[in-house]
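The values are calculated or read from the model by the stated rules, or taken from the named source; none is laboratory data. Note that the structure is predicted; figures quoted are calculated from it, not measured. FYI the Cβ positions are ideal-geometry reconstructions off the backbone, even for glycines, and counts take in every protein chain you see.
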Amino acid sequence: MAGFLKNRFHRFAGKTTILLLLSVVFFFAPLEASGQRRFSKTYPATRNVRLTLTNRSGTVTVEGWNRPEVQVQAYLENPAAAINPQIVDGTILINIVRDNYGRGDIGSVNFTIRVPFDAAVDIETKVGNLNVSSVRGSLVRAKISSDGDITLTNISAPMVSAENGIGNIFFDGDIQSGGIYRFTSMSGDINLRVPFNSSFKLIATAPSTRRINLGSFSGGNMRFLGDGRRVTGQVGDGSSYLTVTNQRGSIAFIRR
Amino acid sequence: MNCTECQENISPYLDGELDEIGSANMRTHLSVCAGCAKLCEDFSVILESCRGNVSSEIIPPNSQALWCRINNLIESEIKPEVVEEPKKTLLSRGWNLTFSQAGAAFLAIALISSLLTVVGIRNYFEPSGEDFTSRSSASQTTFEKFLSRVGLTDTPQQAREKRVKEQQAAIDYWNKRVQQRRGQWDAKIRDAFDRNLNLIDESVSEYTIILQENPDDDLTGEMLDTVLNDKMDLLREFSDL
């Protein structure tokens, strides 16, 4: 009986080892096969830390978490691309454009960054998507110089700015009293999901499509100007400013 | 960063003298404050036009010697002070006005002050947050109409044309920079840039046509201003790749 059990145990241990080895191989295989390089580093964060990231091409995802540290993970399409994050006065600076200035094909760099909930987030890229979620610091700014979608979810910040060329913008968050909120796109859809009891002064402009859907915020205080190309008005006591401009796309408000 | 700090730092920011954090703070403030963004942009246009004119300035070969010569000439031409008899002033001559002249003067003063009061009140009750360059004659205050009629200020159309010309000059500058760099871009970056530039150009054409048909369309004037700024930003941001 003991021999049988010993034999089974050895077989089981052997299988487990093989499985573990295979999982390790499969985990690293895609990166090696495609020639990607992975960068990962964790930085201690001070209170109200600020993340400033300038990317060239690729997707950037920033998530808030309940830890006093910033974790930066990057997947570099071209292993030769340089990435040199710096910490200056409590600000974490990552600038792929500057780090690779004058270099031709550096490929995309895809980031996944975790920051404390109260962090200020200032990210921009030339091409690619930007996603920010669960952040309630003093600022959230996301800018795409050309193509890409911006998705801001579960945001609670007094200053929010999202700007892109061709692509959609989605904002799901609070409108704080005294806050400034600005959403600008050349083409695409801008969808704003905000609480029903929000209070703001609104200037929404969609000159080409005239598609401005105020949802549950439409009412007596709203005025359509310029043959429906612009809507201005006040919701609640108008304690914050909300400016939305979409040159060739639509604007829609969704009740949260 | 508040507006005062931002405006103090605009010059070093444009000259690239700010550190990374300073630049980031400036970018952040400029992205949320339309007033400072416009100021920065105006300043940038002025700087660009100044840079363009440097080569055309005539610099004397020895400016110090030239200044010495000018100084000597001025000193040699200063005459000794001559004590002159005090001239008769208007008051000392006395007011020799007839009754009708005095009445006409009084009426003229009353009329001018009433006009100024009316203009002032109208101007006060028609405040506008709009940019003067993107406004039509329909939304001008009486005072502004009066000033533009007598030629003291530009009409909204003239102001808009001037601004478009300035923006176009900046766009040409950044476009040259982009043309020098774009050979090094990969296909993905190049396609995205071209796609966005074409879209902006389409909007510029559309707004220009609308404004030709209806020069008083405030909103289109404002949108044209915005897309030209967008074009300038796109070119500037891709010029550092």
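Looking at the range A:169-177, can you tell me whether even one residue there is under 22 Å from B:GLU20 (Cα atoms), modelled with pLDDT of 95 or more and part of a strand (DSSP E or B)? Checking the range A:169-177: not a single residue is under 22 Å from B:GLU20 (Cα atoms), modelled with pLDDT of 95 or more and part of a strand (DSSP E or B).
Looking only at residues of the range A:202-230 that are among the aliphatic types (A, V, I, L, M) and within 12 Å of chain B (Cβ to nearest Cβ), we find that the one that is surrounded by the most Cβ atoms within 10 Å (Cβ to Cβ) is A:ALA206. Of the residues making up the range B:181-198, those that are closer than 20 Å to A:GLY249 by Cβ, free of Cβ contacts under 8 Å to residues at least 40 places away in the same chain and either at the interface with chain A (Cβ under 7 Å from one of its Cβ atoms) or of a type in the set (Lys, Arg) (or both) number 3. Step by step: first the residues of the range B:206-240, then only those that are under 22 Å from A:SER145 (Cα atoms) and in contact with a Phe, Trp or Tyr (Cβ under 6 Å, 6 or more places away or on another chain), then the one that is nearest to the other protein chains (Cβ to nearest Cβ). Which residue is that? Ranking the candidates gives B:MET223 first. Inside the range A:80-135, residues that are within 9 Å of chain B (Cβ to nearest Cβ) and within 20 Å of A:ASN66 (Cα to Cα) make up a count of 3.
Just one of the listed residues (B:SER203, B:SER148, B:SER128) is modelled with pLDDT under 90 and either in a helix (DSSP H, G or I) or more than 14 Å from chain A (Cβ to nearest Cβ) (or both), and it is B:SER148. The residues in the range A:46-78 that are under 14 Å from the mean Cα position of the chain (by Cα) and of a type in the set (Asp, Glu) can be counted, and the count is 1. Screening A:LEU152 on (1) surrounded by fewer than 23 Cβ atoms within 10 Å (Cβ to Cβ); (2) closer than 28 Å to A:LYS126 by Cα; (3) away from chain B (no Cβ under 12 Å); (4) of a type outside the set (Val, Ile, Thr) shows it passes everything except condition (1). Residues that are within 12 Å of A:ILE251 (Cβ to Cβ) and in contact with a strand residue (DSSP E or B) (Cβ under 8 Å, 6 or more places away or on another chain) number at least 1 in the following strands (runs of 3 or more DSSP E) confined to the range A:182-235: A:189-194, A:200-205, A:230-235. Within the range A:138-149, the set of residues being crowded, with 24+ Cβ neighbours inside 10 Å and more than 22 Å from B:ARG195 (Cα to Cα) comprises A:VAL140, A:ARG141.
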